[in-house]
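The values are calculated or read from the model by the stated rules, or taken from the named source; none is laboratory data. Since this is a predicted model, take the numbers as computed values, not measurements. All Cβ positions, even for glycine, are placed from backbone atoms using ideal geometry, and neighbour counts span all protein chains on display.
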Amino acid sequence: MKKTLCLALTLAVLNGCDRSSKTPAAAPDNVAAQPTPTVAPTNSTVENNDSARARRELSAAGDLLREKSQEAKEKLRNLAAEFPRQRDEMRRRLEQQQRDLQPQIDEARRRLQAATAQARPELQRQLERLEQQSRRIGQQLEELKNATVEAWEKLKEQIQQEEQQQRQDSSSR
């Protein structure tokens, strides 16, 4: 950088440039006019440019952060507004599933009592699976009762995945 600056100054002096007057010396008529060399930026100019660029980038990042923060707040407001309705809907659906399971559990118990020794192990597994499913729904209902807006999305997704798994299990039997 210093070499470039010295070279530029040397060329300016050789071309007859008077730095104090800020006007180049007139070239004789028989000599073609040569362009005045440009002086390379100084360290402080480069630092100012870097600093200005950093400020612009920081400002842009701050704008993006504010925008994303606004989007997140809006999403949370929407979720909070929908949460009670969705939670009640999910609760009713789970309660209905649990009510639908009870006759199946009762029937499995009756068949188990009347079964032969050979059929008992399979009927016992079916009964245990139905009771486990009923307990899991009871746990989900309890979690749902205590769910917060922040935990709602995760809980909803978990319940939906388990419902889908139950449907797949039912269709594969």
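From 150, 143, which residue is modelled with pLDDT of 85 or more, under 28 Å from the mean Cα position of the chain (by Cα) and under 27 Å from residue 162 (Cα atoms)? Working first, answer last.
On the way: 150 fails: modelled with pLDDT of 85 or more.
The match here is 143.
Could you give every pair whose Cβ atoms fall below 9 Å, whose first residue belongs to the range 78-107 and is part of a helix (DSSP H, G or I), and whose second residue is surrounded by 11 or more Cβ atoms within 10 Å (Cβ to Cβ) and acidic (Asp, Glu), counting only separations of at least 6 or pairs across chains?
79/150; 79/153; 93/163; 94/163; 97/163; 101/131; 105/131
Being part of a helix (DSSP H, G or I) and touching a residue at least 12 places away in the same chain (Cβ under 8 Å) narrows it down to one of 140, 160, so name that one.
On the way: 160 fails: touching a residue at least 12 places away in the same chain (Cβ under 8 Å).
After applying the criteria, what remains is 140.
Would you check if residue 117 is at pLDDT 90 or above and outside any helix (DSSP H, G or I)?
Values: at pLDDT 90 or above: yes; outside any helix (DSSP H, G or I): yes.
In short, yes.
For residue 61, only one of the following conditions fails: (1) of a type outside the set (Ser, Thr, Tyr); (2) farther than 29 Å from residue 156 by Cβ; (3) in contact with a Phe, Trp or Tyr (Cβ under 8 Å, 6 or more places away or on another chain). What is its number?
In the conditions (1) of a type outside the set (Ser, Thr, Tyr); (2) farther than 29 Å from residue 156 by Cβ; (3) in contact with a Phe, Trp or Tyr (Cβ under 8 Å, 6 or more places away or on another chain), residue 61 misses (3) alone.
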